[in-house]
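Readers should treat all values here as calculations from the given coordinates under stated rules, not as data from a laboratory. Bear in mind the structure is a predicted one, so any value in this text is a computation, not a measurement. Backbone-built Cβ (ideal geometry, glycine too); neighbour counts: all protein chains shown.
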Amino acid sequence: MTPRKAALRLLAASTAYLILAIAMIAWSQTAKYVAEAWFANALLIALLLRRDLRSLPATLGAGFVATCIANVAMGTPWLASLGYGAANMTEVAVAILLCHEFGLKRGSLFGERFFLLGLTATVVLAPMTAAAIGGAVVHLYFQAPWRPTFLRWWLGDAVGMLILLPPLLAYNGTRMRHLLFGDRAALFWILTPLSVLVTVLAVTELSNPFIVLSIPLLLVAYRLGVLGTTLACSLNITAVLIIATAQSKGLIPPATGIAHLEESGLIFFSALSTTGPLLISVILARRKRITHQLEQTSSRLQIIADNLPGLIGQLDNDGRYQFVNMRYLEWYDLRESDVIGKTPADIFGQETADQMAPRITRVLNGEAQQFEITMPNGQRMDVRYAPQIKGDRVDGFFMLAHDITNRKDLESRLQEITDNVPALIAYLDDQLVYRFANARYLQMWGLDPVEVIGRPAADVAGPHYSQFLRPKQLECLEGKRANIEIERAGRTFELTYIPHIVDGTVRGMYKLGVDVTERKRAESELYKTMDRAHMMLDSIGDAVVACDTRMRVTMMNPIAVDMTGWEENEAIGKSFAQVVQLIDTESGDPPLNPLEVAMREDRIVALQTNSALRRRDGMETPIEDSASPIHDRDGKVVGGIMVFHDVSESRAMALKMSHLAQHDYLTDLPNRVLLHDRLSHTLAGLRSGTQGALLFIDLDHFKNINDSLGHLAGDHVLREVGRRLRACVRGDDTVSRQGGDEFVILLSRLGDPRDAARIAEKIIQAIENVIAFEDRELHISASIGIAMFPQDSTDTRTLMKQADTALYHAKQSGRSRFSYFTESMSEKAEQRLALEHALRRALQENGLHIVYQPKVRWPEGEVIGAEALVRWTREDGRVIPPDHFIELAEEAGLITQVDEWVMREVCQQIAAWRRDGGRTVPVSVNVSLARLDNERLLEHTRNALQDAGIPAECVEIEFTESQMFTHKEQAVELMNQLKELGIGLAVDDFGTGYSNLTYLAQYDFDTIKIDRTFVCGLHDNERQYAIVQAIIAMARAMGFRMIAEGVETPEEAAMLQEHGCRDMQGYLFSKPVTAVECLTLIRNGLPDRHETAGLRTAHGPH
C-alpha cells in the first residue's frame, strides 16, 4: 500500500470514528435504561484486525484526536475529553495486542479460537481497561461514583463490540453481494425480517423473550452462513436496544420482556442469545470448508490413482475389494460394480483365489509380498502386497501390479548380451539383494543363478569377501561410486559399484567387474619403467612439463612444480597455457607457445628470447627452454614435452655485466663506451633545426685531494660531483665519467646555443659548493669545454676532440670557467698534440740535453754547486722554452719520465767529472711533484746513484714551494726518505707559493732559494727589500742555507751580500753552460774575480 493511500484510509476511518462518537455521545445523553453504547472503538479494532489500517500508532493518534473533538463538541470539558480519549485508545490498543498475542490473524478471525479468545479480548478484557480509566476520569472530574460509572462504561463498550465488530470482521464484498442479491437473497430477506419480528414480539409480549429470540437466529446460522448470521444478530440486538430506548422515553408502554431488567441484565441476555447462533455459524462454515477440501483431495487422489501406470486395489481383512483404479477395471474389462465388495474368488475363480491365498494370509499378518505371475495370455506381471496398518493392527492391504512383459523381454535380451560381454555384471537392490548377474559373474563365484538371484550379497560372497565388499556397498548406497580390487582363484578383479539413482533416491547399484590380471602385470612393468623415468626426471635440474595433443598437462617434475607454483595433482588435466604462463618481458604479452608449435610442426622449438614464466602467485622468472613433440611407436605425435630452467641469476649477471661494461663502477654513471654509443645515436638521429652540446668537465686540482686526504676522500668527491651533475641536467641528458676526474655531459636537446653556457655556469656553481667529508669541508672547482653539434661537427670522435680542446683552453684561461670550442683552439690543440708527440720521441731518442748554471759564493767567486736545467732542441733546430714543454710534460703525464731522465743523466755526468779527477760540487736537480709517486722516485734516485757509483751528497733535489704544500703529507714522508739516502733538499722559488710558514718546521730540507721575483729590482723597491731581509733573517735563525736566484746586477749582489746572503745564482755570474764549461768554472772559478770585488761597497740600501 502506498503512503498516500494509507493516509487517505486513515483519514476516512478517523472521520467515521468522529461521526460515530458524536452519535453515541448524543444517544447516551437521552437513553435511560441502557448503558452508553460505544460503536466507534469497534470500528477501529475491526479495521486494524482486517489490515485495512496498517499502523497501530497512527491509528491510535487519529482516534485520540477524534475522541477529544467529539467530546468537546458535545460539551465535555477539555481535560475530561483528553481522559476519555486516552481510555478509548487504550481499549483499542489492548484489543489489538491481545489478538496478536493469541495468534488471531485475518484468516483465523472466525474460527472457534476467535470465540474463545477473540471475543474475550474485544468484548470483555479491552472494554474493562477502558472502563477502568474512564471511570477514574469521571470520578476525579465530576465526583461521580467510580463503580457504577465503570459498569456503565464497560457494558456500553461491550454492546458496541458485540453489535458492530462481528459484521465488520465478517464483511466481504463478494459474499455481501451474493447474500443480498445471489441465490440465497430470498432466504436472507425472509429469515432476517422474520427474526427481527420474532424478537420484537418476544420482547414486548413474553416474560422470558431471549429464549424465543435465539430460535430464528439458529435457523439463520444454519442457512445463511457467518456473514448473514452476524448481520441478523446485530439487527436483533439493535431492535432490543431501540425498544428499550423507546420504552425509556415513554414512547411505548413498558415491554413485558425487558421492563424488569436492569441495564446489565439487558446486555447479558442480548449477548447470550446471539453468541450461540454466531458460534454455530462459524462451526458450520468450517465444517463445510473441510468437507469441500476433502472432496477435492479425494477427487485428486482418484485422478492420480486412475492415471498411475499400474493396477491398484484395496482389500479388507475379509479379502473383499474396497477400491480399484480405472486401469485395474480396464485391464480386466470389468465394471466397478463387478469388483467392489467382491472377493478374488468371485472375480477370478476359486483356482486363482487358492493360488493367492497364502500370500494374502502373509500380508494380513504384516509381511509385504512381492512376486511375479504369468497371465493366461502370456503377459508377465510384477505384483506387490503391502499391509494397511491402522494403529497397531492390520486393516486390509493394498495391491499394486505392473505389466513387466516388455521389461522381461528386454531383460532376456540384456541377459544374452551381458553374458557375452567380457566383464562381470550384476545388479543389487537397495537391500543388497541380487536381482541380476551375468554368466561371467556367476562363473567367478562358481554358482548357479538360483544360488545368486534373490539372495543377499553377504550370503553369496561369504564372510571372507564380505568384510571387504560390504563397506563399498554401503558407500554406494549413499550415492557414491566405489571401487575395490579382489583376488579370487589366482586372478585379480577390479570391481566398481555404481549407484542406481532415481529422483534423487538410491534404488540399487550396478556392480561391474573386470579381470585385470594381465593389465596389472603390464602396469607393474610399466610402473617400474616409469619409476626409473621419474627418478631421472626428478634428478635433473631443469623443469619438465608434458602434455597431450589437446594441450592438457599430463606430467610435471618437482622442479616444474616449484617454478610454476602448481602441484602436479592440481595441474594434471589443466590447460598447458594455464599452468605454464609464458610472457614476453619487453611487451608483457604472451609469446608464441613453443610447445604448440613443436607439436604442430613436429620439430624441436626453442623459446624466444626475453621470455619469462609467471608463477601461480604472480611472480615472474626469466627462463630459457626448448619444446619437442612426443611420438608413439608409429611415429605419430601424441603429445609434447617442454624443458626449461631459471636463468634469473645468469640473466641478472649478464645484465649486471652489461651494466658494468657501460657504467663507471664508482659513480654508476655511463662510461666512455656508453657515452660514445649515445652520442653516435644522437648525431645519427639529428633532424633539421635540432642542436645539442657536448660538455667536457675536468675538476681543478682534484689530485691535491687524492694525494693529501687519500682515495676515500677522492672517491667521495667524485660520487658527489656525479650526483650534482645529474641534478643540473634533464633526465634524458647523459652524464658520463670518462675516468679520473673527467666527466662528459651530452645535452641532446637545446633550444639555443646559449643554453649550454647557462648549464655550464650552473654546473660550476654546483661543484664549487662545499663538499662535506667526515669532519672536513672540501672545496673544488671545475673547468668546462663545450662543443656544439651540428655547428662544430657531426662526427663523434671529432666532437669529443673539440670538447677536449675547449676544456684545455678553459684550464689555460684560469680554471673554474667554461669555454666554447673555436677553430683557433683546434689549431692550437693540433700544435700542442704535435708538440707532445715530438716530446715523446725526444725522450725515446735522447733528444733532450742538460745545461748547468753555477751557484756562486760571493764575493769570493767560488762555484759551490750547479743547477741542472733540461733543454729541448727539436730536429728542425727550433728551441722549445722550458716553461712550455715542462708544463706540457706535466699535463701529458711525461714529467716523471723527464725527471727520471734528468736524474740519470746528471748522476752519470757527476760520475764522469769524478773520473776526470779534480774538484766536484753538488748538482741540484728539479723534481716535479705534479705526478707524485714516492716509491718510484725513491727507487729511481737510488738506482741512478748506484748505477753512476756516486755518493748521495753529490746530488741535491729542488722542490717548488707550492707543490710541497699541495702534497703535504706525502712530501714530508718523501723528504724524510731522501734525507735518509743522504741527498740534500732545497725549496725552490721560496716566497711565491702559499707562504704558510708552518711548513718550515715540518719539512726537513737544507736550503732555501729566494725566488728571482724578489731579487729582481731589489735596490729600487723597499717592500721587496724588506721581504728579502725577513727571509734571510728567518733562514739564518732556523739554520737553513740560503741562495738567491736570478741575480743579474752588481747592486742586487751587493745588497744580498750586505744582509748575509752570500750564495747566489744568476746571469751576473754565469748563464747556463754545457757540462764541459761548467766543469771548467768549478775548477777555475769565475773570471775577473778582482774586478768585481768592489761590488761589496758599491750600493747600500735605498
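Extension gain, Ile583-Ala684: 0.36 nm per intervening residue step, less the Cα-Cα distance, totals 33.0 nm. Each of Thr352, Ala439, Tyr84 was placed along the dipole of the chain (beta-carbon charges, centred on the mean Cα), and the one lying farthest toward the positive end is Tyr84. In terms of overall dimensions, the stretch 533-652 has a Cα radius of gyration and Dmax of 13.5, 44 angstrom.
One decimal place: the segment Gln1024-Ser337 gains 231.0 nm when fully extended, by the rule 0.36 nm per residue minus the C-alpha distance.
Cross-link reach is defined here as a Cα-Cα straight distance under 27 Å, omitting same-chain residues fewer than 8 places apart; for Lys5 the lysines meeting it are Lys105. Under a model in which nothing but the beta-carbon of Lys, Arg (+1) and Asp, Glu (-1) is charged, the chain shows a dipole of about 7660 debye around its Cα centre. Computed extension gain for Lys390 through Ala246, at 0.36 nm per residue and net of the alpha carbon distance, reaches 45.4 nm.
Based on the alpha-carbon gyration tensor of the stretch 398-505 and its eigenvalue square roots a ≥ b ≥ c, which shape applies: rounded if a/c is under 1.5, prolate if not and a/b is larger than b/c, or oblate? Here the stretch 398-505 falls in the oblate category.
Quick one: angle between helix 78-101 and the longest Cα principal axis of the chain, in degrees between 0 and 90, rounded to 10, please. Approximately 90 degrees, to the nearest 10.
Report the relative contact order of the stretch 663-823, percent, no decimals, based on alpha-carbon pairs under 8 angstrom and at least 6 residues apart.
After rounding, I find 29 percent.
Cross-link partners for Lys249 among the aspartates and glutamates, with Cα-Cα distance under 20 Å and sequence neighbours closer than 8 places in the same chain left out: Glu36, Glu205, Glu262, Glu263.
Label positions at His645 and Asn406, each projected 7 Å from the Cα along the C-beta direction, are separated by 6.9 nm. Rounded to the nearest 10 degrees, the angle from helix 40-49 to the longest Cα principal axis of the chain is 60 degrees. The long axis of helix 209-248 is offset from the longest Cα principal axis of the chain by roughly 80 degrees.
Can you list which of the GluC sites (Glu not before Pro) found in the stretch 829-935 are DSSP loop residues with at most 15 other C-beta atoms within 10 Å? Walk me through the intermediate numbers first.
Values: sites: Glu830, Glu836, Glu845, Glu860, Glu862, Glu867, Glu875, Glu887, Glu890, Glu891, Glu900, Glu905, Glu935; in loops: Glu845, Glu860, Glu875.
Sparse-neighbourhood loop GluC sites (Glu not before Pro): Glu845, Glu860, Glu875.
When only the Cβ of Lys, Arg, Asp and Glu is charged (+1, +1, -1, -1), the dipole of the stretch 1020-1081 relative to its Cα centre reaches about 300 debye. For the chain, relative contact order (Cα pairs under 8 Å, six or more residues apart, normalised by length) works out to 4 percent.
As an exercise, use a Förster radius of 25 Å and the Cβ-Cβ distance of Phe142 and Val65 to find the FRET efficiency, rounded to the nearest 0.05.
Result of the calculation: an efficiency of 0.65.
If you bin every alpha carbon distance in the chain into 20 Å steps from zero, what whole percent lands in each bin? In order of increasing distance, the bins hold 8, 16, 12, 13, 13, 13, 11, 9, 3, 0 percent.
Shown here for the stretch 549-655: trypsin sites (Lys or Arg not before Pro) in loop regions (DSSP other than H, G, I, E, B) with at most 11 other Cβ atoms within 10 Å, namely Arg550, Arg603, Arg633, Lys636. Its relative contact order, with pairs defined as Cα atoms under 8 Å and 6+ residues apart, puts the stretch 533-652 at 25 percent.
Candidate cross-link partners of Lys528 among the lysines, defined by an alpha-carbon separation under 25 Å and a same-chain spacing of 8 or more, comprise Lys520, Lys636.
What does the C-alpha gyration tensor say about the overall shape of the stretch 563-615? Classify as rounded when a/c is under 1.5, otherwise prolate if a/b is larger than b/c, or oblate. Intermediate results must be reported in sequence, preceding the final value.
Numbers: a/c = 2.40, a/b = 1.17, b/c = 2.06.
Because a/c hits 1.5 or more and a/b fails to exceed b/c, the stretch 563-615 counts as oblate.
Is there a pair in Lys855/Lys1009; Lys703/Lys801; Lys979/Lys1009; Lys703/Lys811 whose C-alpha atoms are over 21 Å apart, and which pairs would that be?
Working: Lys855/Lys1009 11 Å; Lys703/Lys801 23 Å; Lys979/Lys1009 18 Å; Lys703/Lys811 15 Å.
Too far apart for the 21 Å limit: Lys703/Lys801.
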